[in-house]
Amino acid sequence: MSAGVELDQITVRFGEFTAVDNATLDIKGGEFFSFLGPSGCGKTTILRTVSGFLEPSDGTVRIGGQDMRGIGPNKRPTALIFQNLALFPLMSVSENITYGLRVRGMGKAERRKKADELLELIALPGQGDKLVSELSGGQKQRVAIARALAVQPQVLLLDEPLSALDLKLRQHMRNELRAIQQLVGITFIYITHDQGEALTMSDRIAVMSDGVIQQVADGKSVYDDPKTAFVASFVGENNAFAGTVTRADGDYAVVETAFGPLRGRNSHGLRPGGRAILFIRPESARLAAGAPDATFSSKVKNVAFEGNMSHVFLEGIGKKDVTVTVSRQDGAAIPGQDEVAAISYDPNLGLVLPEGKMARE
Amino acid sequence: MSSRAFVFIIPIIVIAIFWAMAKFEYRNNNDPTRKGYFERNGKVLGIAFIALVAFWTLFLVGLPYLYMVVESFHPQLPPIKRGGPDDILTIAQYQSFLLSKHTDSINWLHISSLGFTIFVSIVVTALNFCICYPLAYYMAQTGATQKVRLLMLCLIVPYWVNEILRAFSLRLLLASKGLINQILMWVGFTDVPIDFLGNNTGLYVGLSYAYLLVMMFPLYNAIESLDKNQIEAARDLGAPWWRIHKDVVIPYAKPGIASGCTMVFMLSAGSLAAPQFLGGPRMLWFTAIIYDFFFQNFNWARGAAYSFILLAVCIALVMLLLRLFKVSLGETIR
Ligand SMILES: Nc1ncnc2c1ncn2[C@@H]1O[C@H](COP(=O)(O)OP(=O)(O)OP(=O)(O)O)[C@@H](O)[C@H]1O
Ligand SMILES: [Mg+2]
């Protein structure tokens, strides 16, 4: 029923431009797998390679262990949900849903039955005779899912299917998508530039930047243990302090930053003299003094109160502020504007990564 | 009052209608902030616009037609007898299409000519559709921009040459001693030259060529606005290429197809130059008959009657086909 997808050293070039660079991945059958990355990083290109609309310039796509070279999109066990859904406007909801079955030669009565089943699944019973234009955004979304599921694909490919919906509906559809995936048990490959979506729904996430897969891991690891400066800066909020490694002892390294020497976990085994970036998440920092090589101070620029928490913005290096998130339970005093505050953190939660491309912002 | 004078009263009625239409333009519009026609243009300009539009539609479009309608119900008379006692309203001109005037036998010559004209026009329309659909699809959906531009140019440039010259050069190509026959004989395809003009091949080729763009542009426009993802979605769901066209592209492009086909059919049924240069000697093109009535026999009445017969048959056919393919007339001019 569900098949795994293997990408083996996939490269996709458009003329001189390399949209996907040497991507190797092993997506397991039944997995909810997400590609996360900023616009233009090659997510859609990867998806089109899996669905067969694009042949990779190099490398092999295997679905269920079978090499897909030369097999067209209409012959692959995948179904694609488009960024704009691409429902057929001149067909009714039922006709849309059962189109894949019609081209496979299924009879009318049987199609009718199948349509009713699927309408039940997407919680739109009895609405098969409506026109697509009569549906709301969320309903169209569900019809697109039903249309793709109707052909019983082994892999469902979703290209930012929620991006057109408003926030409330998007959050609702996240749960619904996840529930449907668990119900049908097939592999979902999901594309998004919204990290919230990727983190909440996925079993594993591949973070991409400029055609290169930066890291493949489950959501928690991507957040807690990013492998590159790009992932650290793209997923979640992060304070970055660039500098040179001055000392490396055991699991830790000290980076000489504009705020003085600061310590963090040296997961990459960087040696003294190397350029590095120390990342400290806003929620890992405290507004109090701590250990000498895990404390620095800066002037408060402003404070954003958000109910259960407050964001304190302090002067950083260049334009980018240093952010410290203080949750209400901490009971810590929040300094006033223009006060100079001490900031400290647990060196275990500071992360020293080799210097590299950062996410734009 | 003669019936011809009656024609000149109608303008006044139509001006009144136009004025009333302008006056009630926003009657059904519930938006109160919207200004009425006269509020926007002022009284003087507003009236001037209406008068000008009315003048144009009436004197340059409406009246000449109307005059021809009236003319077709008159007998053929020398100028001095016009308006005299012999100038009566009659359907003799229409009758003469069906029955020969003197022998009272069925007028097969003209009837078969009309049939032939309609038949050829239908074939030409179908032919043009078959040529243009793949081309338009390629240009609108799959072709790279550069190539599409070049192709478009290749399609348009020949139409800078005037129609008669184009028809005549085709005739030169297709003649028994023309280039095409010479090549065919040289390759050994045939020993005697093929009579392309006599067997009407020239007629079909010439008419199709003359109205190629008329089919091309509506098709291109219709297909171009189709979302590529729709095509890919159908393909992804397992549809083979012909099903994608049948289920997705053609239904979407139907209004464009209808308007292209209607125009090609109407234009080719009413064309004059191509059939005269390229038609075979055995069959008469209907417009050639009409032309002869007007300019050879100076029988305007009968020419007018024949024109309206052609028009009526064409419109009836187009309406029938639109009904058959479930396209509304409004859609075709979308
Ligand atoms: N057919 C093509 N020809 C040339 N370049 C292309 C083509 N398709 C995509 N690209 C380029 O490849 C890069 C990746 O495109 P892709 O559509 O995969 O991005 P994406 O990650 O899906 O972005 P988004 O989030 O905006 O949808 C882009 O820079 C794009 O310009
Ligand atoms: Mg995309």
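The values are calculated or read from the model by the stated rules, or taken from the named source; none is laboratory data. What you see is a predicted model; the values in this text were computed from it and never measured. Here the Cβ positions follow ideal geometry from the backbone for every residue, glycine too, while neighbour counts run over all protein chains shown. Accessible surface areas use protein heavy atoms only, side chains included; no ligands, DNA or RNA. Shrake-Rupley method; radii C 1.70, N 1.55, O 1.52, S 1.80 Å.
State, in square angstrom and to the nearest 100, the accessible area buried between chains B and A, both chains counted, probe radius 1.4 Å. Display every interim value, and only then the final one.
Working: alone 20500 and 16910 Å², together 35630 Å².
Result for this pair: about 1800 Å² buried.
Set the bar at 26 Å for Cα to Cα. Now go through A:Lys227/A:Lys301; A:Lys43/A:Lys75; A:Lys75/A:Lys227; A:Lys220/A:Lys299; A:Lys108/A:Lys168; A:Lys299/A:Lys357 and name every pair that lies beyond it. Going by Cα-Cα distance, A:Lys227/A:Lys301; A:Lys75/A:Lys227; A:Lys220/A:Lys299; A:Lys108/A:Lys168; A:Lys299/A:Lys357 fall outside the 26 Å limit.
Between A:Lys319, A:Lys114, A:Lys227, the residue with the greatest mean-square fluctuation in the GNM of chain A (Cα pairs under 10 Å linked by springs) is A:Lys319. Distant-in-sequence amide contacts of A:Ala359, defined by a placed amide H-H separation under 5 Å and a gap of 5 or more residues or a different chain, comprise A:Ser233, A:Phe234.
Which FRET efficiency value, to the nearest 0.05, do you get for A:Gln127 and A:Asp58 by plugging their Cβ-Cβ distance into 1/(1 + (r/R0)^6) with R0 = 30 Å? Don't skip to the answer; put the middle values down first.
Working: r = 46 Å, r/R0 = 1.53.
E(calc), rounded to 0.05, equals 0.05.
How big is the dipole moment of the protein assembly as shown about its Cα centre under a simple scheme where the beta carbon of each Lys and Arg is +1, that of each Asp and Glu is -1, and everything else is neutral? Debye, nearest 20, please. Don't skip to the answer; put the middle values down first.
Numbers: 65 positive and 59 negative charges, 401 e Å.
The calculation lands at about 1920 debye.
Using every pair of separate Cα atoms, the Kirkwood estimate puts the hydrodynamic radius of chain A at 22.8 angstrom. Peptide packing: for B:91-97, B:161-167, B:41-47, the average count of neighbouring Cβ atoms within 10 Å per residue gives the ranking B:91-97, B:161-167, B:41-47, highest mean first.
Give me the net charge of A:Ser284's neighbourhood, meaning all other residues with Cβ under 11 Å from the Cβ of A:Ser284; Lys, Arg count +1, Asp, Glu -1. Display every interim value, and only then the final one.
Details: positive: A:Arg281, A:Arg286; negative: A:Asp224, A:Glu237, A:Glu283, A:Asp346.
Local net charge: -2.
Residues considered: A:Asp58, A:Asp346, A:Asp249. Largest GNM mean-square fluctuation over chain A, using C-alpha springs under 10 Å, is found at A:Asp249. As a length-normalised measure over Cα pairs under 8 Å and 6 or more apart, the relative contact order of chain B settles at 22 percent.
Shape annotation for the protein assembly as shown: C-alpha extents along the principal axes are 123, 76, 52 Å, from largest to smallest. May I ask you to list the lysines whose Cα is less than 23 Å away from that of B:Lys101, ignoring any residue fewer than eight positions away on the same chain? Output for B:Lys101: B:Lys81. Shown for the stretch B:108-333: the carbon plus sulfur share of the solvent-accessible area, taken with all protein chains present and a 1.4 angstrom probe, equals 71%. Within chain B, the proportion of Cα pairs with more than 35 Å between them is 44 percent.
Database remark: amide H of A:Ser209 closer than 5 angstrom to the amide H of A:Gln214 (H placed geometrically; neighbours at sequence offset of 5 or more, or on other chains; Pro and chain starts carry no H).
Packing, as the average of other Cβ atoms within 10 Å across residues, places the peptides B:203-216, A:192-205 in the order B:203-216, A:192-205, highest first. Phi angles of the stretch A:19-26 translate, via the Karplus equation with coefficients 6.51, -1.76, 1.60 and θ = phi - 60°, into HN-Hα couplings of 8, 10, 10, 6, 8, 10, 8, 10 Hz per residue; Gly and Pro are given as x.
Can you give the local net charge around A:Leu262? Use residues other than it whose beta-carbon is closer than 9 angstrom to its beta-carbon, Lys and Arg +1, Asp and Glu -1. Let's see the in-between values first.
On the way: positive: A:Arg263; negative: A:Glu256, A:Asp293.
Around A:Leu262, the surrounding residues sum to -1.
Beta-bridge orientation, the protein assembly as shown: approximately 75 percent antiparallel, per DSSP, counting only bridges with both partners inside. For the segment B:146-155, counting C-beta atoms of other chains within 10 Å of every residue's C-beta and taking the mean gives 0. Here the Karplus curve 6.51 cos²θ - 1.76 cosθ + 1.60, taken at θ = phi - 60°, turns the phi angles of the stretch A:236-248 into couplings of x, 7, 7, 9, 10, 10, 7, x, 10, 5, 9, 8, 9 Hz, with x standing for Gly and Pro.
For the residues of A:84-90, the average number of beta carbons from a partner chain within 10 Å of their own beta carbon is 6.
Go ahead and estimate [θ] at 222 nm for chain A from helices alone: -39,500 (n - 2.57) per DSSP H run with n ≥ 4, summed, over the residue count, rounded to 500.
Numbers: 9 runs with 84 residues, N = 361.
The helix contribution divided over chain A gives -6500 deg cm²/dmol.
B:Leu322 sits among other residues whose Cβ lies under 12 Å from its own Cβ, and their net charge, with Lys and Arg +1 and Asp and Glu -1, is +2. Using θ = phi - 60° in the Karplus curve 6.51 cos²θ - 1.76 cosθ + 1.60, the 3J(HN,Hα) couplings for the stretch B:168-184 round to 5, 5, 4, 4, 4, 5, 8, 4, 4, 9, x, 4, 5, 4, 4, 5, 4 Hz; x is entered for Gly and Pro. Under the simplified labelling scheme, the B:Ser176-A:Lys357 pair shows an inter-label distance of 7.4 nm, with each label point 7 Å from Cα along Cα→Cβ. Largest GNM mean-square fluctuation across A:Ile63, A:Ile180, A:Ile97, computed for chain A with C-alpha springs under 10 Å, falls on A:Ile180.
Label the stretch B:33-142 by shape, choosing from rounded, prolate and oblate, from the square roots a ≥ b ≥ c of the eigenvalues of the Cα gyration tensor; if a/c is under 1.5 it is rounded, and otherwise prolate applies when a/b is larger than b/c, oblate when it is not.
Details: a/c = 4.55, a/b = 1.15, b/c = 3.97.
Here the stretch B:33-142 falls in the oblate category.
Accessible surface for the protein assembly as shown, divided over its residues, is 51 Å² per residue with a 1.4 Å probe.
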